[in-house]
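K.L.:
Have a look at this one before I ask anything.
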Amino acid sequence: MSVCFILELPFSFLEVVVLFVVRLRRVFGVLLCALLVLGTLGKPAVADTNVTFPLQINFGAQTSTAVSGYTLDYGQAYDPIRGYGWTTTSDVATSLVGNGRQRNVAVDKRLDTLMQMQLKAGSAGVATPGAWKAAVPNGTYSVTVAAGDPSYTDSVDVIRVEGTTAINFTPNGTTTSATQTVTATVSDGFLNIDAVGGTNTKIDYLTAVPVAADAPRVTAVTPANGSTGITTATAVTVQLSNGVDPTTANASNFKLLDPSLNPVAGNYNTDGAYSNATFQPALALTKNAQFTVQTTTGLKDPQGVAYPAFTSTFTTGSAGVTQSAAQFTKSLFDTQDSPTALAIGPDGKLYGAFGNGDILAYTLDSNGNKVGTPTDITAFKFNRTISGLKFDPASTASNLTLWVSNGQYGCDLAAVGTACNDFTGMISKLSGASATALTRTDVVTGLPRSVGNHMNNGIDFGPDGAMYLGQGASNGYGDPDAIWGNRGEDPLTAAILRIDIKAITGSYSVDTSAGYNPNATTAKVKTYATGTRNPFSVLWHSNGKLYAPVNESANGNTPADPAGGAGALTNLPAFNDYFTQVIAGKYYGHPNFNRNEYRLNGANPTSGVDPFEVSQYPVGTQPNSNWRKPDLDLGPHRSPDGSVEFQSNVFGGTLKGDVLVTEYSGGKDIIAIHLDANGNVSGTPTQVMSGFNNPLPITSDPATGRV
């Protein structure tokens, strides 16, 4: 009897018949075997399927009627001929028939039927937690999933698409379902859906369509499509696959429409890598109302390629931003554009640095108002981008020492197509008897620089007399990526640096590509704390503790931990910005292989919701051993930047000791962060002023209370 071994499994019905004939007819065995093998050459790596696109699945009970255009799935085990179906979470085909439900209550019939992927105790059906998959060609897909139950709120609905959390939703009496669209990449021949991390998860429907991997598309929107209970102070951010031409992120191409479909007024900006666009309404949105996010083909990537039109909706709740009892009023101080750093000198003048590299010194009256024409500090009038100003603690009104953090000017790979050169950052000193008699010395040179606007940022002096510097990262999440010009991290990037400034004479280079070692005993510039992705400012508070607002990324990749336990992650979404106390020797979550720091943020240590969790890691992935949880989660796309301790007794002293922080993107406001007697963040931030257009630096006059 002839035996024919075919490696492609499973067989179609025809192949099984042929094998049966081969076994019976020995005389034809060799010939038929050869034909059968030849017939399999050139087939795809997955089984032949009946999956067609758009793939539209309506999950429900066996007796349910599928919504028009959708195919009913009532829990059938995965079948390679059908091409989709249910498995266990360990990928063993299994039936969930009996877990389907039909409620006959929801207006949208796609949300009226569901499949319970994880049964709660006592529920009728199959207890095994289920996962779902479809055999599809490898590639990129736009996948929409919906979860919830119009009749019960007894679940925590978590839906993951290709291992990435698309929905993490707890229903309530008002909001019973959630819908989200994500972009997923399939590399193993199967589109995989699971509910890992959920409790009694109920999936309603799923759609999937292939998209070109490099086709411009909106990859995410905040607030998520279909979300409810959103704060009336929300900003709206669209995440864009190929980046954005900032000149096209405007009211013509990116709109928020009110319930009557009229445009909402507000301000726009993009993030540091020009990978998303954010809109902040000028006024609080109407409570308990539906708003529509709409982009047009006028929104383009940096190469001028148009994005397809996009629409999503969200519904506000009754909650808004928490207003401080102390409210500032706003007035125009000067018309100079794009301030980047501010400081008040011992001479009583306000020193302001601007985007063109100028530093102006303003004379102030007793109420903090500008008097006369400002003095242009000619000692620093050259093409350098200024990111930090700080007067030396030893400065006096007649013996000024102003320290200036600065970098290469006129470059930005995403914005102008010219990458900034690495190791071009400097700390310079301006010294003299008055603002009109300052001379410049470049003291620290060779600081690292990203291809764009992450550089050596704000500076402050600690109680030990040393200078502390917020140093930005070179990329999104620690591993090179195209948006950030494929530049890797440096031993000094994404960190708070301590500079022994008093021990430096002349010019001191920290260019690590030329051999500088920050770990050397004699090094005068070292890392104080690490993993702070982009701390635009640093603040030594009068309580003797160091604080920093930190910008997270909108996207990027992480490196794999060579010790094992945490693989590389790619195409990550936006994570949350934060404000935190900075402790010496601690790691705050941005990977850097130069320091053996590989795990992003809080990783994913448990199956529950962990602080600063990265759900893309497998459950059980522990954070770095010296990771410290940031103190205050500010949410995504806020861009907290400037910070200052408010030291005035105005407002009856209610703000004294609070840290005021500007939010450049979401909010476009100033928030007050309260610290308790031990210097710990206390309560939630309150808003003291809003209605700005991309506020960046901030300083405060203790004498007048002016900000």
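K.L.:
Under a plain spin-label model, where a point goes 7 Å from the Cα along Cα-to-Cβ, how far apart in nm are Asp79 and Ala251?
P.N.:
5.7
K.L.:
Hey, what angle do you get for helix 13-24 against the long axis of the chain, alpha-carbon based, 0 to 90 degrees rounded to 10?
P.N.:
50
K.L.:
Within the accessible area of the range 581-707, what % is carbon and sulfur when the probe is 1.4 Å and the other protein chains stay in place?
P.N.:
Working: 2320 of 4750 Å².
The value for the range 581-707 is 49 percent carbon and sulfur by accessible area.
K.L.:
Rounded to two decimals, what is the ratio between the C-alpha radius of gyration of the range 75-130 and 2.2 N^0.38 Å?
P.N.:
Details: Rg = 12.5 Å, N = 56, 2.2 N^0.38 = 10.2 Å.
Normalised Rg, Cα atoms only: 1.23.
K.L.:
Taking all protein chains as present, what is the carbon and sulfur share of the accessible area of the range 189-345, in % to the nearest whole number, probe 1.4 Å?
P.N.:
Working: 3520 of 6570 Å².
Exposed carbon and sulfur together represent 53 percent of the surface.
K.L.:
Counting Lys and Arg as +1 and Asp and Glu as -1, each charge on the Cβ, what is the dipole of the chain about the Cα centre in debye, to the nearest 20?
P.N.:
Dipole of the chain, to the nearest 20 debye: 420 debye.
K.L.:
Oh, and also: Go ahead and run the numbers for FRET between Asn138 and Thr570, Cβ-Cβ distance against an R0 of 22 Å, rounding to 0.05. Can you show the working numbers first?
P.N.:
On the way: r = 15 Å, r/R0 = 0.68.
So, using R0 = 22 Å, E works out to roughly 0.90.
K.L.:
If you count, for each residue, the other Cβ atoms within 10 Å and average over each peptide, how do 279-292, 568-581 line up from highest to lowest?
P.N.:
On the way: 279-292: 16.9, 568-581: 20.4.
Those peptides, ordered most packed to least, come out 568-581, 279-292.
K.L.:
What percent does the relative contact order of the chain come to when contacts are Cα pairs within less than 8 Å and at least six residues apart? Provide the component values of the computation, followed by the final result.
P.N.:
Details: 1947 pairs, mean separation 52.6, N = 707.
Relative contact order of the chain: 7 percent.
K.L.:
Sticking with this structure for a sec: How big is the gap, in Å, between the Cα center of the range 581-657 and the Cα center of the range 660-687?
P.N.:
15
K.L.:
Report P(r) for the range 423-524: all Cα-Cα distances, bin width 5 Å, range 0 to the bin holding the largest distance, values in whole percent.
P.N.:
All Cα pairs considered, the percentages come to 3, 12, 20, 24, 18, 12, 7, 4, 1, 0.
K.L.:
Can you tell me how much longer the chain between Gln294 and Thr199 gets when fully stretched, taken as 0.36 nm per residue apart minus their C-alpha distance, in nm with one decimal?
P.N.:
30.8 nm
K.L.:
A follow-up question, please. Express in nm, to one decimal, how much length is gained between Gln622 and Ser123 on full extension, taking 0.36 nm for each residue of separation and deducting their alpha carbon distance. Spell out each step's value before the answer.
P.N.:
Working: separation 499, 0.36 × 499 = 179.64 nm, distance 3.37 nm.
Answer, rounded to one decimal: 176.3 nm.
K.L.:
Turning to a different aspect of this structure: Per residue, how much accessible area does the chain show when a 1.4 Å probe rolls over the protein heavy atoms, in square angstrom? It would help to have the intermediate numbers written out before the result.
P.N.:
Details: 29070 Å² over 707 residues.
Spelled out: the 1.4 Å probe surface of the chain, per residue, equals 41 Å².
K.L.:
Continuing with the same structure: At a Förster distance of 56 Å, what's the computed FRET efficiency of Ser151 paired with Ala433, Cβ-Cβ distance as r, to 0.05? Walk me through the numbers on the way to the answer.
P.N.:
Details: r = 78 Å, r/R0 = 1.40.
Between Ser151 and Ala433 the formula returns 0.10.
K.L.:
Sorting check: for 269-277, 600-608, which peptide has the highest mean count of neighbouring beta carbons within 10 Å, and how do the rest follow?
P.N.:
On the way: 269-277: 24.8, 600-608: 20.3.
Sorting 269-277, 600-608 by mean packing, highest first, produces 269-277, 600-608.
K.L.:
Can you give the percent of C-alpha pairs in the chain whose distance is more than 33 Å?
P.N.:
55
K.L.:
So for each of 689-695, 467-473 I average, over its residues, the number of other beta carbons within 10 Å; can you give me the resulting order with the highest mean first?
P.N.:
467-473, 689-695
K.L.:
Quick one: Kirkwood hydrodynamic radius for the range 331-403, alpha-carbon pairs, angstrom, one decimal? If you can, show how the numbers build up before the last one.
P.N.:
Working: mean 1/r = 0.0787 Å⁻¹.
The answer is 12.7 Å.
K.L.:
Measure off, as a whole percent, the carbon and sulfur share of the 1.4 Å-probe accessible area of the range 52-118, all protein chains present. List each step's numbers first, then the result.
P.N.:
On the way: 1510 of 2950 Å².
Solvent-exposed carbon and sulfur of the range 52-118 make up 51 percent of the total.
K.L.:
If the limit is 29 Å between Cα atoms, which of Lys370/Lys390; Lys526/Lys668; Lys349/Lys656; Lys202/Lys255; Lys255/Lys390 go over it? Please report the intermediate quantities before stating the final value.
P.N.:
Working: Lys370/Lys390 20 Å; Lys526/Lys668 34 Å; Lys349/Lys656 22 Å; Lys202/Lys255 33 Å; Lys255/Lys390 40 Å.
Violating the 29 Å Cα-Cα cut-off are Lys526/Lys668; Lys202/Lys255; Lys255/Lys390.
K.L.:
Given a Förster distance of 41 angstrom, what is the FRET efficiency for Ser682 paired with Thr505, based on the Cβ-Cβ distance and rounded to 0.05? Working shown, then result.
P.N.:
On the way: r = 43 Å, r/R0 = 1.05.
That pair, Ser682 with Thr505, gives E of 0.45.
K.L.:
Once you have the Cα-Cα distance between Ser513 and Ala394, take 0.36 nm times their residue separation minus that, and quote the gain in nm to one decimal. Please report the intermediate quantities before stating the final value.
P.N.:
On the way: separation 119, 0.36 × 119 = 42.84 nm, distance 3.37 nm.
Gain on extension, Ser513 to Ala394, equals 39.5 nm.
The values are calculated or read from the model by the stated rules, or taken from the named source; none is laboratory data. In this text, all values refer to a predicted model and were calculated from it rather than measured experimentally. Reconstructed Cβ throughout: ideal geometry from the backbone, glycine too, with neighbour counts over all protein chains shown. In case anyone asks, the SASA skips ligands and DNA or RNA and just uses the protein heavy atoms, side chains included. Shrake-Rupley method; radii C 1.70, N 1.55, O 1.52, S 1.80 Å.
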